[in-house]
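Shown next, in structure tokens, is the structure this report addresses.
The values are calculated or read from the model by the stated rules, or taken from the named source; none is laboratory data. These figures come from a predicted structure and were not determined experimentally. Please note: Cβ atoms are built from the backbone with ideal geometry, for glycine as well, and neighbour counts cover all protein chains shown.
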Amino acid sequence: MNSTVKTIVPVLIATLSSVAAWGFPFGPPRGFTSAPGDKPGVACAQCHGGSPLNGGGGSVRLVFPSGLTYTAGQVQNISVVINDAVAATYGFQISARLESGPSTQQAGAFTAGQNQKVLCSNNAVQPPEGCADTGIQWLEHTQPSLSNTIAAQWMPPTGSSGNVHFYVSANAANGDNSSRGDHIYAADYVLTPAASSTANVPTVTSVTNAASGAATAEAGSWITITGTKFASAATTWDNFMVGNVYPTTLAGVTVAIDGRPAPISFVNPTQINALVPATSTLGNVTVVVSSAAGSSVPATAVLAPASPGVLTFPQNQGRYIAAAVLDSSTSFEYLAPAGLLGSAAQSRPAKAGDTIVLFGTGFGPTTTPLNPEIAATVAYPLAHTGGDISTPLAQVTIGGQAAQLLFCGIVNPGIYQINAILPAGLSAGDQPVKVTLLSGSSVTQTVFIPVQ
Ligand code: HEC
């Protein structure tokens, strides 16, 4: 036996015995969030392989009940939401630190829920008298969760503790009880002490389908939220994508729908455009808008299996459906009267036999569900949920005549597309477009396309 092997064996045994002491799979060792002093940029990917940190195409998010604020003495029931297309089980670790000392100063205190424990910096479960040393705590699972939404209870610090930084890491695991083939995500948040005045707290006036203005929306579809005291300035998500994951905090504003964080594409003082997160809840769900000043009184959105609306060009009070007409298989013009959209956007009326492309939101379930949190360009047709595959995916009439349908399905998160052929025999001028979906629901907007 050569000396290398001799030294490796005791090291291996020491490692195995400390692994046993940590009690895998009954929760990881402490210190594997991305907090300073933990494992920034690595987190649980230190041991777990499958993809690099935040490289698994999903995310971990925290939903705070009072937005990004805390009030001393008011317990917070935080949701850890892990989104991943392939995970079978989920584990997490979370830590809260004071901004004044993020690697050494504990902020508030966690209470372990069912299948959870609080670890101290010596890696032992927190004793009744609290963690010694710096008092830093890590809350984590003691067995993997089957749900992607996990509750974490936290008591904020007292007095004027200043900003609190939250660090969460999560394992969207394949459930094989090994550290291989898993997706690791991490995220962090800053909570500010709630203002003693409620003067700047957001209020929500309405939540509507972003395309049709109807009161109903569909999970994964675009909505518009109106109200007051949202962001101080207009902000779009353009510079706030992390990889291909859409932001759920924009200009300090977050939206929780049915308790889940909503991707936000635009916010200004009075309007938010957001995607309804994936949820199977139907009917009334809560919508809470939060900023550093606090959280709105919950408003209500009504979720339906489908809530179809077509997108329209903003000109002429939305008279024309947002559409394109193909000039060839590789080039298109917008389908609008020539010149309507300005010189930068070439447009023309359609003629018989043209392939036209219409856009909308809320058309219902598709053969493959699309995660609304993650940018993707796909072409998943509507699903035949009714079972009868001979039912057409949609019926489109233009000027009362049925158009031949080439495609109807989702192409981007929240965006559906219909490709159809313009029927012959229509008279020149604006012709009304009607869309009825497989589900039986139809677009109720009065919209037109120009025909030449
Ligand atoms: C020091 C190495 C190490 C670290 C760090 C680590 N794990 Fe693990 N983890 C393992 C091992 C090894 C297993 C396999 C179970 C066993 O051996 O008992 C495992 C299993 C798991 C499982 C079950 C996986 C499955 O597919 O069934 C989950 C969930 C989990 N870990 C979550 C986490 C989370 C969350 C973190 C970060 C906060 C983390 N782990 C950090 C080594 C680690």
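State which residue is nearest to Gln452 (Cα to Cα) when the search covers only region 332-351 and only residues that are of a type in the set (A, V, I, L, M, F, W, C) and either touching a residue at least 40 places away in the same chain (Cβ under 8 Å) or not in a strand (DSSP E or B) (or both). Explain how you work it out, then say what you get.
Step one: list which residues in region 332-351 are of a type in the set (A, V, I, L, M, F, W, C), which gives 332, 335-336, 338, 340-341, 344-345, 350.
Applying the additional criterion that residues be either touching a residue at least 40 places away in the same chain (Cβ under 8 Å) or not in a strand (DSSP E or B) (or both) yields 335-336, 338, 340-341, 344-345, 350.
Values: Leu335: 11, Ala336: 11, Ala338: 11, Leu340: 15, Leu341: 17, Ala344: 21, Ala345: 19, Ala350: 6 Å.
The residue in question is Ala350.
Determine if region 83-96 includes at least one residue that is modelled with pLDDT of 95 or more and within 27 Å of Val201 (Cβ to Cβ).
Yes, the conditions are met somewhere in region 83-96.
So which residues in region 85-119 are crowded, with 24+ Cβ neighbours inside 10 Å and either charged (D, E, K, R) or away from the ligand (no atom under 15 Å from the Cβ) (or both)?
Selection gives Arg97, Ala107.
What are the residues in region 420-438 that are surrounded by fewer than 20 Cβ atoms within 10 Å (Cβ to Cβ) and not acidic (Asp, Glu), if any? Spell out how you get there, then give the answer.
Step one: of region 420-438, the residues surrounded by fewer than 20 Cβ atoms within 10 Å (Cβ to Cβ) are 421, 423-430, 432, 434, 436.
Ile421, Pro423, Ala424, Gly425, Leu426, Ser427, Ala428, Gly429, Pro432, Lys434, Thr436 - these are the residues of region 420-438 that are surrounded by fewer than 20 Cβ atoms within 10 Å (Cβ to Cβ) and not acidic (Asp, Glu).
So in region 294-304, with the set limited to residues that are part of a loop (DSSP other than H, G, I, E, B) and surrounded by fewer than 20 Cβ atoms within 10 Å (Cβ to Cβ), which one is nearest to the chain's Cα centre (by Cα)?
Looking at residues that are part of a loop (DSSP other than H, G, I, E, B) and surrounded by fewer than 20 Cβ atoms within 10 Å (Cβ to Cβ), I get Pro298.
Give Gly175, Gly243 a once-over and let me know the one that is within 16 Å of the ligand (Cβ to nearest atom) and at positive phi. So that I can check it myself, show each step before the final result.
Working: Gly243 fails: within 16 Å of the ligand (Cβ to nearest atom).
Going through Gly175, Gly243 in turn, just one is within 16 Å of the ligand (Cβ to nearest atom) and at positive phi: Gly175.
Identify the residue in region 305-324 that is assigned to a strand (DSSP E or B) and touching a Ser or Thr at 6+ places or on another chain (Cβ under 7 Å) and, among all such residues, is surrounded by the most Cβ atoms within 10 Å (Cβ to Cβ). Steps first, please.
Filtering region 305-324 down to residues assigned to a strand (DSSP E or B) leaves 309-310, 312, 320-321, 323-324.
From the residues that got through so far, the ones that are touching a Ser or Thr at 6+ places or on another chain (Cβ under 7 Å) too are 309, 320-321.
Details: Gly309: 27, Tyr320: 24, Ile321: 25.
It comes out as Gly309.
Using beta carbons and a limit of 8 Å, which pairs, at least six apart or on different chains, have the first residue in region 386-405 and over 9 Å from Pro423 (Cα atoms) and the second one among the aromatic types (Phe, Trp, Tyr)?
Correct list of pairs: Ala394/Phe363.
Could you list, in sequence order, the residues of region 296-331 that are among the polar types (S, T, N, Q) and without any contact (Cβ under 8 Å) to a residue 12 or more places away in the chain?
The answer is Gln317, Ser328, Ser329, Thr330, Ser331.
When region 188-200 is examined, which residues are found to be surrounded by fewer than 21 Cβ atoms within 10 Å (Cβ to Cβ) and more than 21 Å from the chain's Cα centre (by Cα)?
Thr192, Pro193, Ala195, Ser196, Ser197, Thr198, Ala199, Asn200 - these are the residues of region 188-200 that are surrounded by fewer than 21 Cβ atoms within 10 Å (Cβ to Cβ) and more than 21 Å from the chain's Cα centre (by Cα).
Looking at Asn148, Asn209, Asn171, which is the one that is under 30 Å from Phe363 (Cβ atoms), outside the structural domain of Ser265 (by TED's automatic domain parsing) and touching a strand residue (DSSP E or B) at 6+ places or on another chain (Cβ under 6 Å)?
Asn148
In the set Gly41, Gly31, Gly50, Gly37, which member is loosely packed, with under 11 Cβ neighbours inside 10 Å, modelled with pLDDT of 80 or more and within 22 Å of Gly91 (Cβ to Cβ)?
Values: Gly31 fails: loosely packed, with under 11 Cβ neighbours inside 10 Å; Gly50 fails: loosely packed, with under 11 Cβ neighbours inside 10 Å; Gly37 fails: loosely packed, with under 11 Cβ neighbours inside 10 Å.
Selected residue: Gly41, the only one of Gly41, Gly31, Gly50, Gly37 that is loosely packed, with under 11 Cβ neighbours inside 10 Å, modelled with pLDDT of 80 or more and within 22 Å of Gly91 (Cβ to Cβ).
Checking the conditions here, which among Gly342, Gly364, Gly360, Gly283 is within 30 Å of Gln76 (Cα to Cα) and not hydroxyl-bearing (Ser, Thr, Tyr)?
Gly283
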